[in-house]
Structure formats: C-alpha cells, structure tokens
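Step one of this worksheet: look at the structure below.
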Amino acid sequence: MKSLKQLITLALISTVLQAHAESFNFATGNDYAPFADQKLPEGGMVTEIVKRAFTLAGAEAKFSWLEWDAGFKATQAGKYAGTFPYSQTPERSEAFLFSEPVFVTNLKVFTRTDKTFAVSGGPSVYQGKKACIPKGWAVSPFLQAMLKSGTITRVEAEDITPCAKLLGEGKVDFYVTDEIQGQKAFQAAGLTNKQIVPSKETVASTAMYLLVPKALANAQHVVDTFNKGLKALKLSGEYAKIMKKHIDLAMKS
C-alpha cells in the first residue's frame with residue numbers, strides 16, 4: 001500500500017506531465033448533431049473522440065467553436081492545428097492532411113412525405129429536381145454526376161436546417177445527409193416525420209476525418225499523434241462506447 005508521501009509525489013508528477021503535455025487547438029462548429037455542437041454533452045460524438053484520442057496519445061486537444069466556413073478557412077491558413085469532421089475531396093487534399101477515418105456515415109435522401117420517389121431508381125427519377133446543399137459542404141459523387149449532367153439543380157442554404165425548411169415549403173425536392181442529422185434538421189425547422197421522411201435505402205457512405213493543414217509546420221506530427229490515440233481508443237473499447245452513447249442520446253431526443 002502506497003504511503004501518503006508516495007501518493008502526493010505521484011500526483012505532483014502527474015500534474016507536471018500534464019502541464020508539459022502538447023496542446024493543440026482545433027476549429028469545429030455547431031449544429032451538426034450528434035457529431036459536433038458545443039451544446040451537446042462533450043461537444044458531440046466526434047469532439048469527444050478527438051479529445052480522448054489526443055489524451056490517450058499524451059497530448060491535449062482544445063476547441064474553438066466557429067462558423068463552419070470561417071473555421072475551415074482559418075484552419076487552412078494554419079491558424080488552427082486542424083478541423084473536423086470533414087469528408088475527403090480532391091480540393092481538400094491539396095491543402096490538408098487527413099487522419100485515419102474518425103467514423104463512416106450512411107447518407108439518406110430526405111423528401112416530403114407527399115412527394116417521395118424511388119431514390120435508388122437511377123438518374124432518371126431525379127430529372128428536373130432541386131437538391132438543397134449547404135454552402136461549403138462536400139458534394140458526394142452520388143450527386144456530383146447529376147449536377148454535372150444537369151439532371152438536378154443545386155439550391156444552396158447556409159446550413160442543413162434551412163435546407164429542411166426549404167423542403168418543407170416545397171422550394172426544393174430533397175436534401176441528402178445522414179439519418180440522425182437529417183432528422184434533427186427537420187425537427188429544428190419545426191417539421192415532423194409526418195412531413196419529411198428519409199429514404200429506406202442508403203445512397204452513399206462517406207468517411208469523415210480530422211483535417212490538418214499542410215501550412216502547419218508540424219502537420220504530420222499532429223496527424224500521427226491523433227492516429228495513435230484513435231487506435232488506442234478503439235482497442236480499449238472506449239470508441240464504441242462513445243459512439244453508442246451519443247447515437248442513443250440523439251435517437252431519444
């Protein structure tokens with residue numbers, strides 16, 4: 001059994017180590033339940049994963065909550081150690097290093113209940129339809145091809161909740177996101193599942209990452225540190241518990 005003196009010594013050593021731990025400041029944003037929102041427990045699922053991964057890797061993660069576009073641009077300029085969660089695109093790959101995938105999300109098509117259509121029926125069923133896509137969002141290959149061919153028209157909104165509002169008003173025909181976020185969006189817009197419904201089919205799967213700007217001198221070190229902690233988090237079983245906790249909470253609320 002350790003003496004009081006030994007316990008005090010260990011506590012002091014721990015305090016000193018924490019004081020000298022590397023600290024990284026990351027930009028993220030709100031209204032992306034259950035993944036990121038400072039009003040959510042631990043700032044959301046991905047925020048907690050990022051925080052715990054760096055802790056397990058012997059570092060500290062701090063967060064600045066900004067408008068998504070502002071946070072992305074500030075991170076790209078090297079003002080933050082990284083930002084999350086984002087999917088990978090060729091344009092982003094030019095300016096950022098990507099971590100190992102933090103999670104994979106399954107995308108659904110959200111439509112009005114009185115104007116549903118066979119979402120997996122090919123481009124022809126989308127002909128002439130308007131898709132709401134938030135500004136700054138990466139467009140999945142599923143939509144890119146139809147936008148390029150002119151099959152669908154892009155309508156932009158500031159975020160996904162305004163997209164849900166536009167859908168409810170009949171000003172667009174659909175929006176695409178994961179099931180939980182899509183549901184939160186139409187609820188925030190004052191709508192219910194009697195008005196807006198997700199497709200039963202998953203139209204695409206997208207991996208989400210921690211992005212670290214190449215403009216940062218120690219960019220690769222930040223990525224390596226996070227990947228090390230993420231691996232430990234998964235091996236310990238804590239990663240799965242964090243995922244389940246946040247998804248269960250989102251489904252109940």
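Taking the criterion of being crowded, with 17+ Cβ neighbours inside 10 Å and either more than 17 Å from the chain's Cα centre (by Cα) or under 19 Å from His221 (Cβ atoms) (or both), the residues of the stretch 75-97 that qualify are Thr75, Gln76, Tyr80, Ala81, Gly82, Thr83, Phe84, Phe96, Leu97. Please work out which residue is farthest from Gly136 (Cα to Cα), limiting yourself to the stretch 152-192 and to residues that are at pLDDT below 95 and acidic (Asp, Glu). Selected residue: Glu179. Those strands (runs of 3 or more DSSP E) of the stretch 143-253 in which 1 or more residues are touching a Cys at 6+ places or on another chain (Cβ under 7 Å) and of a type in the set (Gly, Ala, Ser) occupy 153-157. Of the strands (runs of 3 or more DSSP E) lying entirely inside the stretch 42-125, the ones with 2 or more residues being closer than 23 Å to Ser140 by Cβ are found at 82-86, 96-98, 103-112. Restricting attention to the stretch 179-196, the residues that are within 20 Å of Gly121 (Cα to Cα) and surrounded by fewer than 20 Cβ atoms within 10 Å (Cβ to Cβ) total 1.
The values are calculated or read from the model by the stated rules, or taken from the named source; none is laboratory data. Values in this document were obtained by computation on a predicted structure and should not be read as measured data. Glycine gets a Cβ as well: all are built from the backbone with ideal geometry, and neighbour counts include every protein chain shown.
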